1. Which pairs have Cβ atoms under 6 Å, sit 6 or more apart or on different chains, and link a residue in the range 139-155 that is acidic (Asp, Glu) to one that is open to solvent by less than 50 Å² (accessible area, probe 1.4 Å) and part of a strand (DSSP E or B)?
2. Among residues belonging to the range 40-69 that are assigned to a helix (DSSP H, G or I) and of a type in the set (Asp, Glu), point out the one that is most open to solvent (accessible area, probe 1.4 Å).
3. Taking LEU77 as the residue in question, decide whether it is under 27 Å from GLU173 (Cα atoms) and modelled with pLDDT of 90 or more.
4. Take the conditions among the small types (Gly, Ala, Ser), in a helix (DSSP H, G or I) and surrounded by fewer than 18 Cβ atoms within 10 Å (Cβ to Cβ) and apply them to ALA91. Does it pass?
5. Starting from the range 93-108, take each residue that is touching a residue at least 40 places away in the same chain (Cβ under 8 Å) and list its partners that are in a helix (DSSP H, G or I), counting only C-beta distances under 7 angstrom and pairs at least six apart or across chains.
6. Could you list, in sequence order, all residues of the range 135-147 that are out of contact with any Asp or Glu (no Cβ under 7 Å at 6 or more places or on another chain) and surrounded by fewer than 13 Cβ atoms within 10 Å (Cβ to Cβ)?
7. Filter the range 27-39 down to the residues that are open to solvent by 20 Å² or more (accessible area, probe 1.4 Å) and either of a type in the set (Phe, Trp, Tyr) or in a helix (DSSP H, G or I) (or both) and list them by number.
8. Can you say whether LEU19 is open to solvent by 60 Å² or more (accessible area, probe 1.4 Å) and under 18 Å from the mean Cα position of the chain (by Cα), as far as the supplied structure shows?
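The values are calculated or read from the model by the stated rules, or taken from the named source; none is laboratory data. The structure presented is a predicted model; accordingly, all values stated were derived computationally and were not measured. Note: ideal-geometry Cβ built from the backbone for every residue, glycine included; neighbour counts use all protein chains shown. With ligands, DNA and RNA removed, areas are computed over all heavy atoms of the protein, side chains included. Shrake-Rupley method; radii C 1.70, N 1.55, O 1.52, S 1.80 Å.
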Amino acid sequence: MAKILLVEDDKTIGKLVSLQLERDHHLVERVDTGKDALFNLKVHDYDLVILDWMLPDLSGLDVCKSYRDAGGKVPILMLTARGEAQDKANALDTGADDYLVKPFVPVELSARIRALLRRPSVIAGKSLSVGDIVLDSANREVTRSGASIDLTAKEFALLELLMRHPNQSFSVEAILDRLWKSEVSASLETVRTHVKTLRRKLGDSEENPIIRTKRGLGYRIVSED
């Protein structure tokens, strides 16, 4: 699952793209202005940005340039009706990673997103393993010692986040920002409850837990590799 910022002021297109991304098991946040996009990129973490060119305030190019000039590294997919070769060249030169012209076929959008997310430092690999836990992101399956574990979508996303960054601690605040939409009224206690439930379903033991808490730092999944 990736956390994606969709910057699109057309409500109909925004809804269609959001539905497609959610079908692909991504978490989507949508804004409809360039200023809101830059604000969200400053205060939240994303894996990918889908950016319209024509926005009511700043252009998509302005947003892309400002973000890149500030050191932003998240992949950007321009999604726009401007299909001239020079438009594509301008977008790519400004810092966009890919360019898709409207109207588009949903399966192509999904394929381009998968390609961008496969790049190093984003979300790579379909199968993850830590100890005897195996997570298959393509089939949305988790097993431990060969036994299947039934997780909710949010529990799966939480486990995937920890397994993609073994031995790295995530604070409760960081997990809340990363896995819950910013407009949803989830709390820090929501995160703690999901961690507790995930540990129970994984059969984590008090003596040698695979998901551990480090005071002042947060949660991490322990890997001996």
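1. Qualifying pairs under 6 Å: none.
2. ASP69
3. So LEU77 fails the test.
4. No, not satisfied.
5. Every condition considered, the pairs that remain are ALA96/CYS64; PRO106/GLN20.
6. Answer for the range 135-147, where residues must be out of contact with any Asp or Glu (no Cβ under 7 Å at 6 or more places or on another chain) and surrounded by fewer than 13 Cβ atoms within 10 Å (Cβ to Cβ): ALA138, ASN139, GLY146, ALA147.
7. LYS35, ASP36, LEU38, PHE39
8. Taking the combined requirement at face value, the residue satisfies it.
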